[in-house]
Amino acid sequence: MANKKEAFLCISAMLRSREPKLLSREKAERMLDAASFEDAAKLLSDSGYEDMSQMSAKEIEESLAKHRSAIYEELGRFCPDGRLVDIFKLRYDYHNAKVILKAEAMGQDPKRLLSDSGRIPGEKLLEIYNEDKPVLLPEALAAAMDEAKGVLARTGNPQAADFVLDKAYFAELQSLAEAVESPFIQGYARLLIDSSNLRSLVRTLRMGKNQDFLAEVLVPGGNIGVERLTAAGDKDSLAALYAHSVLEKAGALGAECMTGGSMTAFELACDNAVNTYLRGAKLISYGAEPVLAYMAAVEGEITAIRMILTGRLAGIAPQVIRERLRDMYA
């Protein structure tokens, strides 16, 4: 690993000291039980967030995005290996790529949907794309955007273009994980692929699509090979694929979705499986692993805060929000 494990001593200690301030299940419950949206928002005052008690849903989203970007910028300065931060920034680059290509195809302005949490700020990526200067982009991203644009032009199918970008995202994710040289982080990348493939497999079988469609959707590189996944044609074989793995519960719930089971419970189990894996980083005193786990925890925290605050603002019953919350890292 770049700069060796000992180079992470300081940043590991810094992030360990911050972990108690992460959103816990207990604090999430207090936010749900608060008398009002305003009271719920004010409970975040000691967690590093600005006061969102008077914000609209759009302003909450902007505030959370700014908070995420600030954390990534800070960690990018202090982390001995910037590729760790890029592992999380990647998803926003590819999100922006999807937004830009779809907006161009539909003659719309993409700016309001762009994120600044990627390696390249959203509007900067748009500018580079509009000026046709792919040499200024990471090579893999530039190639994926070019291929996806061609697919969209030929087929008129935004979903097909998304498949191209999704595969490129996971390929680059794995490449970064391998470069960091941590078995734990490589396992994290494989698990994200497994989780994505499980979701795709369940949706494909529910829709009654054929194996050709499934082959387009599935991503190579997970713990369970694409060939085994394409052979899973019923609920029993699907559940058996994930038995004795961290995705065992998710696999069983996904199989139940074939006969009317809850997709919400299934999606929840997929996310919780990843969080269960990440908790293994708590057993590692210092190194790249605690940094990765902290960034994943921040992503999960922001998702939970968005769900709670926008839900409370919209008048959604706390119990409904509670049922959709993922497990917390803290």
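The values are calculated or read from the model by the stated rules, or taken from the named source; none is laboratory data. Because the structure is a prediction, the values reported are computed rather than measured. All Cβ positions, glycine included, derive from the backbone under ideal geometry; neighbour counts span all protein chains shown. These area figures cover heavy atoms from the full protein model, side chains too; ligands, DNA and RNA do not enter into them. Shrake-Rupley method; radii C 1.70, N 1.55, O 1.52, S 1.80 Å.
Restricting to the stretch 75-88, name every residue that is open to solvent by less than 40 Å² (accessible area, probe 1.4 Å) and in contact (Cβ under 8 Å) with a residue 24 or more places away in the chain.
Leu75, Cys79, Pro80, Asp81, Leu84, Val85, Ile87, Phe88
Out of curiosity, is Ala65 more than 17 Å from Tyr329 (Cβ to Cβ), surrounded by 13 or more Cβ atoms within 10 Å (Cβ to Cβ) and at pLDDT 90 or above?
Details: more than 17 Å from Tyr329 (Cβ to Cβ): yes; surrounded by 13 or more Cβ atoms within 10 Å (Cβ to Cβ): yes; at pLDDT 90 or above: yes.
Against the criterion (more than 17 Å from Tyr329 (Cβ to Cβ), surrounded by 13 or more Cβ atoms within 10 Å (Cβ to Cβ) and at pLDDT 90 or above), Ala65 qualifies.
Which numbered condition trips up Ala35, out of (1) surrounded by 15 or more Cβ atoms within 10 Å (Cβ to Cβ); (2) without any contact (Cβ under 8 Å) to a residue 60 or more places away in the chain; (3) among the aliphatic types (A, V, I, L, M)?
(1)
Only residues that are more than 20 Å from Ala317 (Cα to Cα) and not in a loop (DSSP other than H, G, I, E, B): list them for the stretch 20-45, please.
Pro20, Lys21 - these are the residues of the stretch 20-45 that are more than 20 Å from Ala317 (Cα to Cα) and not in a loop (DSSP other than H, G, I, E, B).
Would you mention how many residues in the stretch 123-142 are more than 22 Å from the chain's Cα centre (by Cα), open to solvent by 60 Å² or more (accessible area, probe 1.4 Å) and in contact (Cβ under 8 Å) with a residue 12 or more places away in the chain?
1
Across the stretch 209-226, what is the number of residues that are assigned to a helix (DSSP H, G or I) and at pLDDT 90 or above?
First pass over the stretch 209-226, keeping only residues assigned to a helix (DSSP H, G or I): 211-217, 226.
From the residues that got through so far, the ones that are at pLDDT 90 or above too are 217, 226.
So the answer is 2.
Which condition number in (1) in contact with a Gly (Cβ under 8 Å, 6 or more places away or on another chain); (2) open to solvent by less than 30 Å² (accessible area, probe 1.4 Å); (3) of a type outside the set (S, T, N, Q) is the one that Tyr188 fails?
The failed condition is (1).
Yes or no: the stretch 46-56 includes at least one residue that is open to solvent by 20 Å² or more (accessible area, probe 1.4 Å), part of a helix (DSSP H, G or I) and not basic (Lys, Arg).
No: zero hits.
Across the stretch 287-318, what is the number of residues that are surrounded by fewer than 22 Cβ atoms within 10 Å (Cβ to Cβ), in contact (Cβ under 8 Å) with a residue 60 or more places away in the chain and either of a type in the set (Phe, Trp, Tyr) or over 30 Å from Ile11 (Cα atoms) (or both)?
The total comes to 5.
Here are Tyr94, Tyr72: which of them is at pLDDT 95 or above and open to solvent by less than 50 Å² (accessible area, probe 1.4 Å)?
Details: Tyr72 fails: at pLDDT 95 or above.
None of the other options fit; the residue is Tyr94.
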